[in-house]
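As structure tokens, the structure follows; a few thoughts come after it.
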Amino acid sequence: MSEKTVNILLVEDDEVDVMNVKRAFQKNNLTNPMHHAGNGLEALSLLRGSDGQTPIPIPRIILLDLNMPRMGGIEFLHELRKDELLKNISVFVMTTSNEDKDKVDAYNLNVAGYILKPLSMENFVSAVSILKNYWTLCEYPE
């Protein structure tokens, strides 16, 4: 199976979690281009090339935290799903929130998955490996 280049946007405000995601990618030998935004507003600016930001390539996957300042994950999802150019991006929520309301809200906004942030690095590396298998298996339109 050939390696697919899948651009990823990580929307996460916690620098420790950002470092953990990057470390998990390294441990899984993932070299996918990854962009980072610290909140939903910054992510939308990167995706749209607004507010003085240079637009990033449209990612196939967004890894999204829910609890962030300025614009949280659910509000970001509302905006993303209203945007004709961005609405079909696969979004995986990666959060510490185990609240049913957050899960229902996220799935009502068509997330591809809802992942509770694992406590151990080993579990986190395993979760990223599963995500890699997902996007390697999926076929996307050109």
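Here, each number is a calculation from the coordinates, and none is a lab measurement. Everything quoted here is computed from the prediction, not taken from an experiment. Cβ coordinates were reconstructed from backbone atoms using ideal geometry, including for glycine residues, and neighbour counts include every protein chain displayed.
Structure notes:
- Amide hydrogen proximity for Ser90: with H placed 1.01 Å from N in the peptide plane, the residues at 5 or more positions away or on another chain lying under 5 Å are Ile62.
- Whether the stretch 1-72 is rounded, prolate or oblate, judged on the alpha carbon gyration tensor where a/c under 1.5 counts as rounded: oblate
- Partners for Lys22 among lysines (Cα-Cα distance below 27 Å; same-chain residues under 8 apart left out): Lys4, Lys87, Lys103, Lys117, Lys132
- Among 124-134, 26-36, sorting by the average number of other beta carbon atoms lying within 10 angstrom of each residue, highest first, gives 124-134, 26-36.
- Amide H partners (placed H, <5 Å) of Ile115, local residues excluded: Val93, Met94, Thr95
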